[in-house]
Amino acid sequence: MPAALAGPLAKVRGTLATISLGQKVVIGLLVAALAMGGFFFYRWITTPTMAPLFSNLASTDASAIVDELNAGGVAYELADGGGTILVANDAVYDLRLQMSGKGLPAGADTGYALLDEQGITTSEFQQQVQYQRAIEGELANTLEALDGVSQAVVHVALPEDEVFASDEAEPTASVLLDLTPGTDLSGEQIQSITNLVSSSIEGMAPEQVTVSDSAGQLLSAAGQTSSAASGDARSQMETDYETRLAANAQSILDTVLGPGNARVSVRADLDMSQRDSTATTYGYTEGTPPISRQSSTEQYTGDGAAVGGVLGPENTADAADGGAGGAADYSTESSTENNAVDQTVTNTVSAPGEVNRLTVAVVMDDTVAGGLNQAQVQDLVSNAVGLDEARGDDISVASLAFDTSAADQAAAEMAAAREAEQQAQMWSLIRTGGIALGIALLVLVVWLRSRRRDDEEDDDEEEYDVDDGLLAELERLRVSSSRDDTAVLDNRALELEAAERQRVRGEIASMVSERPDEVAQMLRGWLSDVK
């Protein structure tokens, strides 16, 4: 063994020799715990962060990618039932490029990419089938882009084009949606899907689209109009309006009676129809100058003789002389003015959502609202919700006893749960304290046993120790060897000799207690030399 290591190893062996068995066990356990903690910490530090390489893989693509990763010795993890492959975060992009170079994931060609596979020998039937599959694939990809749709399958039935057919069949479509957990499509969303599918196929009406989910629930049947969507929109608008008005009234009642002492219910009847009306009115302002003016005057002056005569025998001279005669004079004037007229055209468009009628019900706890003026409460709530009696709105206010059994039961359950939690915390503290006390007792027992073992070893060493006469002889030899026989001792020298003797005795006693074997061997050597 090298000399450089002999000294440290001897010190270690000497230190271990002075340690009891219990202390060695405790030190060994601590070293093992530190080693294990360091090992797990190293594993945690060196473990790479995993990130998705590919998600939503088909089983064939996942199997092919796993084979490539195994061949390359790349560590991976599977998630989502094998549909997602996780690899080290820093190797994601390199592995994606490698997999893409090998054509993975292959997937299945859908959409208009199918039309690229047609050759010059493709028949008309094959072209029609490929075109139908392309439309179905494009529609499925479009529907999968919607929020909440995990996977979509679209089937389209296209009628054959016939030249001499008088009645042509209409195209139809069926859509199967696999929704993500917790997703519930509204009527507007279902109507959007039907319109999207029907608008993508020539000659298809929205009523010819059937939509269902993966659970078999029919969302939209063939022949169903948009009344369902409009009904949902109306219900949603009414609910939002009623909630807003009820919140306004409830805030006032909570301020007056306190939270939980009053309830407000609002029912609103909304008109969802849209109206468009046009009205034209005319007006004239006095004093406005006319736009145009036209006047005409006619005047006549004459002797009154008739022109011509009367046919028949009366047309004689006597008859002519006996006719009417005398001068005639008349004049006529006319005037026309075109005045400027004010014209007003009003185009009114009524948006849907007009309130037809509003009814409000208010109930208060009689234990709190016994002496409250209900007329004031009615006025406050009416103003808060905008009640209009001319429109036929109505409000009712009542003071009744509230059923608090559910609230009391909930409070009791909450108190029991709180008490159980406190007990659990107390038992947890007791358990923790018991474990700590047990560990302390174990350490104490180990320490006491080590002390007892040390005492037993000390007793053995004392039994093995030399007697006082031998120690006195040892001191005499030690002192006599160190002093000069020719020196003259005085009182000071005697005191120094006594102190030196006491110090040497202490050193010898400590040496005997710490290293009895070595002292015994040394004494045996001295005695053998003396003999």
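The values are calculated or read from the model by the stated rules, or taken from the named source; none is laboratory data. The structure displayed is predicted, hence computed values, not measured ones. Please note: Cβ atoms are built from the backbone with ideal geometry, for glycine as well, and neighbour counts cover all protein chains shown. Calculation scope for accessible area: heavy atoms of the full protein, side chains included, ligands and nucleic acids excluded. Shrake-Rupley method; radii C 1.70, N 1.55, O 1.52, S 1.80 Å.
Considering Ser59, Ser20, the condition of being at pLDDT below 75 and either more than 30 Å from Tyr76 (Cβ to Cβ) or open to solvent by 80 Å² or more (accessible area, probe 1.4 Å) (or both) is satisfied by Ser20 alone. The set of residues from region 193-216 being farther than 24 Å from Pro159 by Cα and open to solvent by 60 Å² or more (accessible area, probe 1.4 Å) comprises Ser214, Ala215, Gly216.
Selection within region 172-189: residues that are open to solvent by 50 Å² or more (accessible area, probe 1.4 Å) and in a loop (DSSP other than H, G, I, E, B). The member of this set that is modelled with the lowest pLDDT is Ser186.
All of (1) in the same structural domain as Leu245 (by the TED database); (2) not in a helix (DSSP H, G or I); (3) not acidic (Asp, Glu) hold for Ser335 with one exception: (1). Taking each residue of region 330-343 that is among the aliphatic types (A, V, I, L, M) and looking for partners that are not in a strand (DSSP E or B) with beta-carbon atoms closer than 9 Å, six or more apart or interchain, yields Ala340/Tyr284; Ala340/Thr285; Ala340/Thr288; Ala340/Pro289; Ala340/Pro290; Ala340/Ile291; Val341/Tyr284. Note on region 371-400: among residues that are of a type in the set (Gly, Ala, Ser) and in contact with a strand residue (DSSP E or B) (Cβ under 7 Å, 6 or more places away or on another chain), the one that is farthest from Asp269 (Cα to Cα) is Ser399.
The rows are residues; the columns are (1) modelled with pLDDT of 55 or more; (2) open to solvent by less than 70 Å² (accessible area, probe 1.4 Å).
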position	(1), (2)
Tyr282	yes, no
Arg293	yes, no
Ser296	yes, yes
Gly323	no, yes
Glu333	yes, no
Glu337	yes, no
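Take Thr239 and tell me if it is at pLDDT 80 or above, open to solvent by 60 Å² or more (accessible area, probe 1.4 Å) and either within 30 Å of Val197 (Cβ to Cβ) or touching a Gly at 6+ places or on another chain (Cβ under 6 Å) (or both). Considered against the rule, which asks whether it is at pLDDT 80 or above, open to solvent by 60 Å² or more (accessible area, probe 1.4 Å) and either within 30 Å of Val197 (Cβ to Cβ) or touching a Gly at 6+ places or on another chain (Cβ under 6 Å) (or both), Thr239 comes out as yes. Being under 35 Å from the mean Cα position of the chain (by Cα), assigned by the TED database to the domain that holds Arg263, within 30 Å of Asn248 (Cβ to Cβ) and modelled with pLDDT of 80 or more: is that true of Val385 here? Here the answer is yes, as Val385 does meet what is asked.
Among the residues of region 434-447, just one is touching a residue at least 24 places away in the same chain (Cβ under 8 Å) and open to solvent by 100 Å² or more (accessible area, probe 1.4 Å), namely Trp447. Any idea which residue in region 37-72 is farthest from Ser100 (Cα to Cα), counting only those that are under 31 Å from the mean Cα position of the chain (by Cα) and aromatic (Phe, Trp, Tyr)? Residue satisfying both the conditions and the ranking: Trp44. Of the listed requirements (1) modelled with pLDDT of 90 or more; (2) part of a loop (DSSP other than H, G, I, E, B), Asp403 misses just one: (1). Checking Arg431, Arg357, Arg418 one by one, the residue that is modelled with pLDDT of 90 or more, open to solvent by 70 Å² or more (accessible area, probe 1.4 Å) and of a type outside the set (S, T, N, Q) is Arg357 and no other.
The condition (being open to solvent by less than 60 Å² (accessible area, probe 1.4 Å) and of a type outside the set (Val, Ile, Thr)) is satisfied by just one residue among Ala390, Ala398: Ala398.
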